[in-house]
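Taking it in order: structure first as structure tokens, then the write-up.
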Amino acid sequence: MYAVVRTGGKQYLVSEGDFFKVEKLAGEIGDTIVFDDVLLAGKDGDLNVGAPVLEGAKVTGTIVEQGRDKKLIIFKMKRRKGYRRKQGHRQHYTGIKVASIEM
């Protein structure tokens, strides 16, 4: 069974037992989290598509980790002008392990 969930302005394809990283969500490690914005769900060739979301469908998961991703370097330069800017950024994330998908 698999589903497409929407959180943090992004969409994720998940199935039971998967681990995935999303934008930072409030909660402690071990807390249960429920995603109600299920856009699509499928099982054994049977596909249910929402318009825009599936009513009554939800994905339940457990928060496994809270952390910061690897550093991204933003470098800007204009040639022959002596203009250079270097900036780093580390995005906060929440690691989730999917427990169940209900349609």
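So which of K43/K70; K10/K76; K21/K81; K10/K71; K24/K78; K71/K97 end up more than 32 Å apart, counting from Cα to Cα? Beyond 32 Å between Cα atoms: K43/K70; K21/K81; K24/K78. Between E16, E65, E55, the GNM of the chain built on Cα springs shorter than 10 angstrom shows E55 fluctuating the most. For the pair D36 and V49 in one chain, pulling the backbone fully straight at 0.36 nm per residue adds 3.3 nm over the alpha carbon distance. For E16 and D69, the difference between the fully extended length at 0.36 nm per residue and the C-alpha to C-alpha distance is 16.7 nm.
Each Lys or Arg adds one and each Asp or Glu takes one away; over the other residues whose Cβ falls under 15 Å from the Cβ of E23, this sums to +3. Between A26 and M103, the FRET efficiency estimated from the beta carbon spacing at R0 = 25 angstrom works out to 0.40. Local charge for D36 was computed over the other residues whose Cβ lies under 11 Å away, with Lys and Arg +1 and Asp and Glu -1, and equals -1.
Exposure proxy ranking for T62, T94, based on other Cβ atoms within 10 angstrom of each Cβ and starting from the fewest, stands as T62, T94. Hey, in the GNM for the chain with a 10 angstrom Cα cutoff, which one of D44, D18, D36 fluctuates hardest? For the chain, modelled as a Gaussian network with Cα springs under 10 Å, the answer is D44. Here the Gaussian network model covers the chain, with springs between Cα atoms less than 10 Å apart; of R79, R68, R90, R79 fluctuates the most. Basic side chains Lys and Arg get +1 at the Cβ, acidic Asp and Glu get -1 at the Cβ, and with that the dipole of segment 2-102 about its Cα centre reaches some 1920 debye. Sorting T7, T32 by the number of Cβ atoms found within 10 Å of their own Cβ, with the fewest placed first, yields T32, T7. When the chain is described by a simple charge dipole with +1 on each Lys and Arg Cβ and -1 on each Asp and Glu Cβ, the residue from G30, V49, Q91 located farthest towards its positive end is Q91.
We did not get these values from a lab; they are worked out from the coordinates using the rules stated. Worth saying up front: this structure is predicted, and the values here are computed from it rather than measured. Heads up, the Cβs are rebuilt from the backbone with ideal geometry, glycines too, and the neighbour counts pull from every protein chain shown.
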